[in-house]
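Written out below as structure tokens is the structure these notes cover.
Each value in this text was obtained by applying a stated rule to the coordinates, not by laboratory testing. Keep in mind the model is a prediction, meaning the values are calculated, not measured. In this analysis, Cβ positions are derived from the backbone assuming ideal geometry, glycine residues included, and neighbour counts consider all displayed protein chains.
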Amino acid sequence: MNAEPNPVHAVDSLGVVADAAARAGEALDLAARHLDPSLVDVLRIVGFDEEYVSAQGSYLFDVDGRAYLDFHTGEGFASLGHNHPDVREVLCATLAADLIDGVQIHYSPLAGMLAEALSERLPPGLDAVFFASTGAEAVDSAMKFARAATRRPRLISCDSSFHGVTLGPLSLVGDDFFKEGFGPLLPGCDRVPFGDLARLEAELRDKDVAAFIVEPIQGRMVTPAPADYLQSAQALCRHYGTLFVIDEIQTGLGRTGKWFALEHWGLEPDFVLVGKALSGGYMPVAAMVTRREIYDKAVGTLERCYVHQSTYGRNRLSMAAGLATLRIIERDSLLERAASVGTLLFDGLAALQQRYEMIKEVRGRGLMIGIELGAPKSRVARMNWRLIHMASEGLFPQLIVIPLHRDHGVITMAAGKNDVIKLLPPLTLSEAEAQTFLDAFDAVLADCHGAARKNWSVVRDIATATLTRRARAGFR
């Protein structure tokens, strides 16, 4: 898709769209007043406070018509690119049909069709689906169903994992930074190191663990599971009667070049959790998929048929968008594209790693890529590196992220309190767009390693200001 804005002059009788367009320049001010002012501050500090007015395919467009190549896509939410016309067509047709919205005491065929389509793309036996609005809700559902089906109290996850920030999933998250101030969390939730089978078996041995929940590729820093770890973990779960839960909320639906990342290891889990990309970037929708016998043990009696529900979980628009997304992925061979364009990116990044010491490691699969940065060797650069890390553990990647956005119109993200840049471009990414990213990344790295090093000063100033604010706060 060309990097050209496609303005649509939509009109509604209530004037909502017109008012939103008229107030586009107020977006951040409104957010600062009524939503999250701290996030607005961060966006302004790193220069992500552009006035975006439209989005199409792989690009966002600002008020001046400048195109920004999006390698973030809302953490992979807009997997088909922004505003995919075929998903929009299906949504419009669904609205025009005045279908019953199949929630609560009604079922629409759309929900059954999407559940059927998901099951057909998963290992045999995964044929019972519960639809939710968010990935965190899907995780929470699996936690509940696993406890109810096994009558066991404990749940095990991994260090450095991420499963959501609502209270249940947060109890599983493997980074304490997200938990600070929100305790006490759910009892019975414990963690083991990712990849450590001995520690996992030690936790499972007492046969009181309902489920082991694991990401095949940890999303926080894009860390793939070690060789044979997932297969062996699955075998341990089978041996000790623990249910094996694969969290595919970020890795699923084509992201790694397969329908689901579990296919890379030939896994047959008891649960698969799906979210983010399921609507192709339009609607909030997620799914917990499990085996019928597990579902029935948890809620499958007349008395319990209504003990676990989601108000908008199977609404008609989300179900229609999900079906459209699956059909587009299949029709347009996006699994194959994610694999081939991913290979192009990995090969290009490997070549850059040979030239630039700052690239420590490149990892991931398909179009889920993590670039870990390392400390530079020159004395001055290392001093700056230490200063930046004193200010914030997640600041160093902004040395790359800020100029990619500012100078080259490429949107990427720092992966958190670490030195990783995370790439989640749309599955529709073209080879030319992938090369545009590689060229921009090359140019930024060249500056950071060169004599002028103009980009160091920007991040160094942010670090100095952060340390100054911290010191002043300490004196009060």
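Across the options VAL103, TYR282, HIS34, the greatest Cα extent toward the positive end of the charge dipole of the chain (unit charges at beta carbon of Lys, Arg, Asp, Glu) belongs to HIS34. Helices of the chain meeting both criteria, an alpha-carbon length of 30 angstrom or more along the long axis and an average Kyte-Doolittle score not below -0.5, with helices taken as full DSSP H segments, are 334-355, 454-475. Look at the alpha carbon pairs under 8 Å that are at least 6 residues apart: their mean separation over the length of region 362-476 gives a relative contact order of 30 percent. Taking the Cα centre of the chain as origin and assigning +1 to Lys and Arg Cβ atoms and -1 to Asp and Glu Cβ atoms, the resulting dipole is close to 1440 debye.
Between the listed residues MET319, VAL222, ALA381, the Cα displaced farthest toward the positive end of the dipole of the chain, a dipole computed from Cβ unit charges relative to the Cα centre, is found at ALA381.
Can you pull out the trypsin sites (Lys or Arg not before Pro) in region 160-240 whose DSSP state is coil and whose Cβ has at most 12 other Cβ atoms within 10 Å?
Answer by residue number: ARG205, LYS207.
Does a label point 7 Å from the Cα of ARG151, set along Cα-to-beta-carbon, have any residues of region 197-218 with amide nitrogen under 19 Å, and which are they? Under 19 Å, as judged by backbone N against the label point of ARG151, lie 206-211 of region 197-218. Helical content of the chain, expressed as a calculated mean residue ellipticity at 222 nm, amounts to -13000 deg cm²/dmol (DSSP H runs of 4 or more residues, -39,500 (n - 2.57) each, divided by residue number, nearest 500). A crude spin-label estimate for the pair LYS377 and GLU75, with each label 7 Å from Cα along the Cβ direction, gives 3.8 nm. The charge dipole of region 86-331, taken about its Cα centre with unit charges on the Cβ of Lys, Arg, Asp and Glu (plus for the first two, minus for the last two), comes to roughly 240 debye.
Averaging the sequence gap over all C-alpha pairs within less than 8 Å and six or more residues apart, then dividing by the number of residues, gives region 86-331 a relative contact order of 29 percent.
Each Cα pair under 8 Å and six or more residues apart adds its sequence gap; the mean of these over the residue count of region 142-218 is a relative contact order of 41 percent.
Among DSSP beta bridges lying fully in the chain, give the percent that are antiparallel, nearest 5. Antiparallel bridges: around 65 percent, rounded to the nearest 5.
Within region 135-240, which GluC sites (Glu not before Pro) sit in a loop by DSSP and count at most 10 neighbouring Cβ atoms inside 10 Å? Of the GluC sites (Glu not before Pro), the ones in loops of region 135-240 whose Cβ has at most 10 other Cβ atoms within 10 Å are GLU180. Cα centroid separation, region 405-452 to region 293-359: 24 Å.
Which shape class, rounded, prolate or oblate, goes with the chain when its Cα gyration tensor gives a ≥ b ≥ c as root eigenvalues, a/c under 1.5 marks rounded, and past that a/b bigger than b/c marks prolate?
oblate
Near the amide H of SER54, within less than 5 Å, lie the amide hydrogens of PHE61, all on another chain or at least 5 residues away, with H placed in the peptide plane.
Here region 166-213 is treated with +1 on each Lys and Arg Cβ and -1 on each Asp and Glu Cβ, and its dipole about the Cα centre works out to around 80 debye.
Here LYS276 is the anchor, and the lysines within straight C-alpha reach of less than 26 Å, apart from those fewer than 8 places off in the same chain, are LYS144, LYS179, LYS258, LYS417, LYS422. Charges on Cβ only, +1 for Lys and Arg, -1 for Asp and Glu, centred on the Cα centroid of the chain; of GLN231, ALA434, THR134, which one is farthest towards the dipole's positive end? Selected residue: GLN231.
Can you tell me the FRET efficiency between ARG304 and ASP208 if r is taken as the Cβ-Cβ distance and R0 is 30 Å, rounded to the nearest 0.05? So, using R0 = 30 Å, E works out to roughly 0.85.
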